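The values are calculated or read from the model by the stated rules, or taken from the named source; none is laboratory data. Given the structure is predicted, the values throughout are model-derived calculations rather than measurements. Backbone-built Cβ (ideal geometry, glycine too); neighbour counts: all protein chains shown. Surface accessibility is based on the protein's heavy atoms, side chains included, excluding ligands, DNA and RNA. Shrake-Rupley method; radii C 1.70, N 1.55, O 1.52, S 1.80 Å.
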Amino acid sequence: AAAWGPLRPMTSGMLAKRTARPRKRKQRAQAANGAENAPSGAPPKRMRRPSLRNGTCPFVKRVPGTKIVVDGFRHACAELSDAYILTHFHSDHYTGLTKTFACGRILCTPTTAVLVQKMIGVDQRYLLPAKVGTTVVFGGCIISIIDANHCPGAAMFLIRAPNGSTTLHCGDCRYDRSMRDDASLAPFARGERRLDTLMLDTTYCQPQHSFPAQRTVISTILRCVAHHWVDPGVLFLFGAYTIGKERVFMSVARLFRCPVAVSDARMKTYQCFEWPESDKRLLTTSNKDTRLRVVSIGFLRMDRLIPYARRLAPRFRHVVAFKPTGWTYRGGNSGGSSSAGGGAGGDPLHAELASSGITVTRADSVTLYGVPYSEHSSFAELRQMVRDFPARRIIPTVRHVCI
């Protein structure tokens, strides 16, 4: 208990304070998964169990008053706990989880459970899938599973500990005020109950990260696509993570009733999602009969897009690409244009792009839109969530934020 120390409730002023620390998640992930990257034929390296000599895993991975460990698989061992939660299938959250996991059971959504089983190889007997909207007893606690509005399969967990304390663990979350209507959260939003602890996704915990709402950005993207759609010589590219940003290109595919081309690897991943069959039928691995393609976000750079566009001729004369990430946001009225072939001032969409914070870069036969679409809460949304769900203490779950 002493390891936790006194924690004060966060105010909006405290929420604005942060100190940057070097990000080493990638290096940590590579080190933790070293056995997976061993050359073929080499003897498998045994994963070293974490040392408990200097204390247990970081308190930010522990749910107060319980034995539950959340997204802390680098520290997993039988001595630590037999009850684990995986909030979603992003590598910085499942780092350390391997097919040899046998420390206990992992509570997660059905989508995440399928991904863990198929992509990592964890034995299904160690997985406890629970649908969003259900309540389960796990690790001696009563736990409600709530949609996190993040990537497919992502969830928040409302945890009532044996001692009666209540913790809301947000995992990674894009807050929307409709969450107040969730049956599990409504009593807290109405002030009938109060959270003891709010474990908050503070990825964008700085005032400049007050980017527009998701629906606003997607609406503008649809307008942009419609603006270019009249020209059959235009190919559309959409950046996405291995898992994440699907809402952008699927919104376009539905509106224009056009299939979207994805790689074989992506198709395998997307088939794990609990999507309606009508959505899955909009996915294809063939580029032949569609003008919509999904690529890695890292591919969306002009030095890669220009030669790519030239190789597409004569079938396509122009490439329009959308790069969705909250890090592109530069504040209100930032939708300017850098161009090697003319400005965007005459574009009828220019005012709407500016108000949405969308940047436009044009060069050669490529137009690249930097879209402030994020699946993490903006700074304004973080403040709103803190007001909507008052808690006695708030624990930031992103390490480079300090309050």
#### Entry: Test: residue in the range 38-58 that is modelled with pLDDT under 95 and open to solvent by less than 20 Å² (accessible area, probe 1.4 Å)
yes
### Task
Any chance you could count how many residues in the range 170-188 are under 15 Å from Ile142 (Cβ atoms) and either without any contact (Cβ under 8 Å) to a residue 24 or more places away in the chain or open to solvent by 10 Å² or more (accessible area, probe 1.4 Å) (or both)?
3
### Task
Please indicate, with yes or no, whether at least one residue in the range 82-94 is closer than 21 Å to Leu198 by Cα, open to solvent by less than 10 Å² (accessible area, probe 1.4 Å) and over 20 Å from the mean Cα position of the chain (by Cα).
yes
### Which numbered condition Cys272 misses (of (1) closer than 20 Å to Gly298 by Cα; (2) within 20 Å of the chain's Cα centre (by Cα); (3) buried (at least 18 other Cβ atoms within 10 Å of the Cβ))
(1)
### Message
Being closer than 30 Å to Arg193 by Cβ and either open to solvent by less than 20 Å² (accessible area, probe 1.4 Å) or modelled with pLDDT under 70 (or both) narrows it down to one residue among Ala391, Ala340; which is it?
### Response
Ala391
### Message
With the structure loaded, tell me whether Ala261 is closer than 30 Å to Cys108 by Cβ, surrounded by fewer than 13 Cβ atoms within 10 Å (Cβ to Cβ) and modelled with pLDDT of 95 or more or whether it fails that test.
### Response
no
### Task
Please identify the pairs in which a residue from the range 218-244 that is free of Cβ contacts under 8 Å to residues at least 40 places away in the same chain and within 26 Å of Pro152 (Cα to Cα) has its Cβ atom under 7 Å from the Cβ atom of a residue that is among the hydrophobic types (A, V, I, L, M, F, W, C) and open to solvent by 40 Å² or more (accessible area, probe 1.4 Å), counting only partners at least 6 apart or on another chain.
Leu222/Leu255
### Task
Mind counting the residues in the range 131-169 that are over 19 Å from Pro110 (Cβ atoms) and without any contact (Cβ under 8 Å) to a residue 40 or more places away in the chain?
4
### Query
Can you tell me how many residues in the range 156-197 are assigned to a loop (DSSP other than H, G, I, E, B), touching a helix residue (DSSP H, G or I) at 6+ places or on another chain (Cβ under 7 Å) and not basic (Lys, Arg)?
2
### Task
Please tell me if Leu128 is touching a residue at least 24 places away in the same chain (Cβ under 8 Å) and either closer than 30 Å to Phe249 by Cα or among the hydrophobic types (A, V, I, L, M, F, W, C) (or both).
no
### Task
Hey, can you tell me all the residues within the range 275-315 that are closer than 22 Å to Val371 by Cβ, among the hydrophobic types (A, V, I, L, M, F, W, C) and surrounded by fewer than 15 Cβ atoms within 10 Å (Cβ to Cβ)?
Phe299
### Query
In the range 99-125, what residues are in contact with a Gly (Cβ under 6 Å, 6 or more places away or on another chain), over 26 Å from Met179 (Cα atoms) and either buried (at least 21 other Cβ atoms within 10 Å of the Cβ) or in contact (Cβ under 8 Å) with a residue 60 or more places away in the chain (or both)?
none
